[in-house]
Amino acid sequence: MDGEELTEQETALYDRQIRVWGAGAQRRLSKSHVLVSGIKGTVAEFCKNIVLAGVGSVTLLDDRFVTSEAFNANFLILPDENAYVGKTVAEVCCDSLKEFNPMVHVSVEKGDLSTLGVEFFNKFDVVIIGYSSRATKKAVNETCRKLTKRVAFYTVDCRGSCGEIFVDLQNYKYAKKNPDETVECELTFSSFEEAVSVPWKPIPRRTAKLYFATRVIELFEETEGRKPGECSVSDLPSVLKLKKELCEGNSVSENHIPDSLLERLVSSNSEFPPACAIIGGILGQEVIKAISGKGEPLKNFFYFDAEDGKGVIEDISKA
């Protein structure tokens, strides 16, 4: 991604950013290619951030047709359903993003994410999966890991005022600034499947409750054949039953996952815009770090809950 030098136009446009992270980091950003799938509020915030930062290209994949549901928290789609007849979410968001930074190539791909092969993903340096099933996250992550080059892989979900980011940078080297010197560091990441399959018993009790609650909701949606986020409060008894089974199977107390938290997650059919801005901002920051090689990345989960305003990083990896 180091490639050729920045153009005079790029240097002028990104002058303030170059002063922060240097010309080399900006050059790597401008040569990077990012795939984004599943564009709701949080992902829209992320897209805006990386387009303004000056990545080389952003490819959008979301074949849902625009309906009133798509307006929720997604500022890239103006609330006028009649204006978008026959258009997909990706197509409308593409038009909006182009206006933020004409120097970034924004395009649309169509298709089922889980069926796309190695050749497709090989075109990208970063892959972002938003609002997808557990099976799709696993499949895409494993495909990215089969590539001959390292692809930075992220998943992101926001339910109501709660959100989760997962990061897999495989074997990642980065520069860390200390008071006296800059040192080269290396981190090894687990795959999504490895990270969500860690037995609960050894995980410290202080770990974010959202980690466990999200696993319950994901499994419920998978076993019931639901789309991500397709839950309601009427599903709560079944979700609590599944929670009990999972806690018993992992030999942990049911107190690991508060019933009130699960109730909030199944009741939240829309995203809380301030939470979208925070989670989308964190995701954008992490992707910029991964591309530029500047700064310590989060490993490997990030959780945010607007109810207490806390953001928590959890390293949940295979032993």
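Given points 7 Å out from each Cα along the Cα-Cβ axis, report the N171 to C185 separation in nanometres with one decimal.
According to this spin-label approximation, the distance is 1.9 nm.
For region 197-267, I need the span (max minus min coordinate) of the C-alpha atoms along each principal axis, in Å, sorted largest to smallest.
Each principal axis gives a Cα extent; for region 197-267 these are 31, 21, 17 Å.
Roughly speaking, what is the stretch gain from V233 to E69, that is 0.36 nm per residue apart minus the C-alpha to C-alpha distance, in nm to one decimal? Please list the in-between numbers first.
Details: separation 164, 0.36 × 164 = 59.04 nm, distance 1.82 nm.
Taking 0.36 nm per residue and subtracting the Cα distance, the gain is 57.2 nm.
Give me the net charge for the shell around T188: Cβ to Cβ below 13 angstrom, other residues only, Lys and Arg +1, Asp and Glu -1.
On the way: positive: R145, R150, K173, K299, K318; negative: D168, E186, E194, D315.
Surrounding charge for T188 is +1.
Out of region 142-186, which chymotrypsin sites (Phe, Trp or Tyr not before Pro) are coil in DSSP terms and have no more than 16 other C-beta atoms within 10 Å? Display every interim value, and only then the final one.
Values: sites: F153, Y154, F166, Y172, Y174; in loops: none.
Of the chymotrypsin sites (Phe, Trp or Tyr not before Pro), not one in the loops of region 142-186 has a Cβ with at most 16 other Cβ atoms within 10 Å.
Using the heavy atoms of the protein chains alone and a 1.4 angstrom probe, what is the accessible area of the chain per residue in square angstrom? Mind showing how you got there, number by number?
Numbers: 14540 Å² over 319 residues.
The answer is 46 Å² per residue.
Just the Cα atoms of the chain, one point each, no solvent: what log10 I(q)/I(0) does Debye give at q = 0.12, 0.13, 0.14 Å⁻¹?
Log10 I(q)/I(0), no solvent term: -0.83, -0.97, -1.13.
Straight-line reach from K173: which lysines have a Cα under 29 Å away, not including same-chain ones fewer than 8 places off?
Output for K173: K31, K48, K123, K137, K138, K146, K149, K289, K294, K299, K310, K318.
Pairs of Cα atoms under 8 Å, at least six residues apart: use those to get the relative contact order of the chain, whole percent. Could the numbers behind the result be given before it?
Numbers: 576 pairs, mean separation 63.3, N = 319.
So the answer I get is 20 percent.
Length gain on complete extension for the stretch K244 to S197, per 0.36 nm per residue less the alpha carbon to alpha carbon distance? Don't skip to the end; give the middle numbers.
Numbers: separation 47, 0.36 × 47 = 16.92 nm, distance 1.71 nm.
Contour length minus Cα-Cα distance gives 15.2 nm.
Once you put a point 7 Å from the Cα of A83 and another 7 Å from the Cα of E99, both along the Cβ direction, what distance in nm separates them?
0.7 nm
Any idea which of T214, L240, P202 is furthest toward the positive side of the dipole for region 197-267, if Lys and Arg beta-carbons carry +1 and Asp and Glu beta-carbons -1?
Looking along the dipole axis, the top candidate is P202.
Taking DSSP loops as anything outside H, G, I, E and B, show the longest stretch in the chain free of GluC sites (Glu not before Pro) there with at most 15 other beta carbons within 10 Å.
Working: sites that count: E4, E5, E181, E230, E307.
Maximal segment without exposed cleavage sites: 6-180.
By how many degrees, between 0 and 90 and to the nearest 10, does the Cα long axis of helix 15-30 differ from the longest principal axis of the chain?
The angle comes out at about 80 degrees.
Can you tell me the orientation of helix 209-224 relative to the chain, as the angle in degrees between its alpha-carbon axis and the longest Cα principal axis, to the nearest 10?
The helix 209-224 is inclined about 80 degrees to the chain.
Using Cα pairs closer than 8 Å and at least 6 residues apart in sequence, work out the relative contact order for region 1-133, in percent.
Numbers: 204 pairs, mean separation 38.2, N = 133.
Once normalised by length, the contact order is 29 percent.
Carbon and sulfur together cover what percent of the accessible area of the chain at a 1.4 Å probe radius? Intermediate values should be presented prior to the final figure.
Numbers: 7300 of 14540 Å².
Of the solvent-accessible surface of the chain, carbon and sulfur hold 50 percent.
Over what distance in Å are the Cα centres of region 38-62 and region 202-246 separated?
28 Å
Identify all aspartates and glutamates with a Cα-Cα distance to K227 below 15 Å; exclude those on the same chain that are fewer than 8 residues away in sequence.
Output for K227: D62, D63, E69, D112, D157, E218, D235.
The values are calculated or read from the model by the stated rules, or taken from the named source; none is laboratory data. Keep in mind it's a predicted model, so treat the numbers as computed, not measured. Note: ideal-geometry Cβ built from the backbone for every residue, glycine included; neighbour counts use all protein chains shown. The protein model used for the area step is the full one, side chains on, heavy atoms only, and it has no ligands, DNA or RNA in it. Shrake-Rupley method; radii C 1.70, N 1.55, O 1.52, S 1.80 Å.
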